[in-house]
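Below is one structure; the comments refer to it alone.
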Amino acid sequence: MEKGQVKQICQKIVRFIVYSCEGEQYPVLMESFRDAKTRKEWLDAIHLFIDYGMSQKRGDARLPITQQEWDDVWRFVHQANIVDVRDLHIAMIKVIANLELEKIYELEQYVSDILLELEAEEGR
């Protein structure tokens, strides 16, 4: 599997992580993900994030990747050149940071809308 295809799959995983994982465990899991030094540590950190996200989802929430896609990521991480694996790791960290920033902007907009609505009601 090509690096670009694996990167696309990892972006789906990252989006799931950012939008499904919250709470006290999130910073701890993020630290172990960022600090992973080996291929195994990195895959273990992703697995922990996925398990944590699934435990917080309600109903029939699912990870937005197939088993085959996960197998492709696993195989890439185990077989690819270590430089390519590190590049993928860094790319995932950057995407997480961007998505977290996006979440903050969305929350700010939501709060601003509520405040504007309250001000409008007070002015009536």
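The values are calculated or read from the model by the stated rules, or taken from the named source; none is laboratory data. Treat the numbers as computed from the prediction; the structure is a model and nothing was measured. Backbone-built Cβ (ideal geometry, glycine too); neighbour counts: all protein chains shown.
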TODO: Identify all residues within region 96-124 that are under 21 Å from residue 29 (Cβ atoms) and either without any contact (Cβ under 8 Å) to a residue 40 or more places away in the chain or of a type in the set (S, T, N, Q) (or both); write none if there are none.
DONE: 97, 98, 101, 102, 104, 107
Open item on the list: If I ask for residues that are touching a Leu at 6+ places or on another chain (Cβ under 9 Å), over 17 Å from residue 102 (Cβ atoms) and outside any helix (DSSP H, G or I), which ones from region 1-56 would you list?
Closed with: 36
Open item on the list: Taking the conditions exactly as written (part of a helix (DSSP H, G or I) and either exposed (fewer than 14 other Cβ atoms within 10 Å of the Cβ) or in contact with a His (Cβ under 7 Å, 6 or more places away or on another chain) (or both)), does residue 114 satisfy them or not?
Closed with: yes
Open item on the list: Criterion first (surrounded by 11 or more Cβ atoms within 10 Å (Cβ to Cβ) and modelled with pLDDT under 95) does residue 44 satisfy it?
Closed with: no
Open item on the list: I'd like to know if region 69-78 contains one or more residues that are within 17 Å of residue 8 (Cβ to Cβ), outside any loop (DSSP other than H, G, I, E, B), in contact with a helix residue (DSSP H, G or I) (Cβ under 6 Å, 6 or more places away or on another chain) and acidic (Asp, Glu).
Closed with: yes
- [ ] Please verify whether region 1-13 includes one or more residues that are on the phi < 0 side of the Ramachandran plot, loosely packed, with under 14 Cβ neighbours inside 10 Å, at pLDDT 95 or above and more than 17 Å from the chain's Cα centre (by Cα).
- [x] no
Open item on the list: Tell me whether region 79-87 contains one or more residues that are outside any helix (DSSP H, G or I) and surrounded by 13 or more Cβ atoms within 10 Å (Cβ to Cβ).
Closed with: yes
- [ ] List the number of the failed condition for residue 124; all other conditions in (1) farther than 17 Å from residue 16 by Cα; (2) out of contact with any Lys or Arg (no Cβ under 7 Å at 6 or more places or on another chain); (3) assigned to a helix (DSSP H, G or I) hold.
- [x] (3)
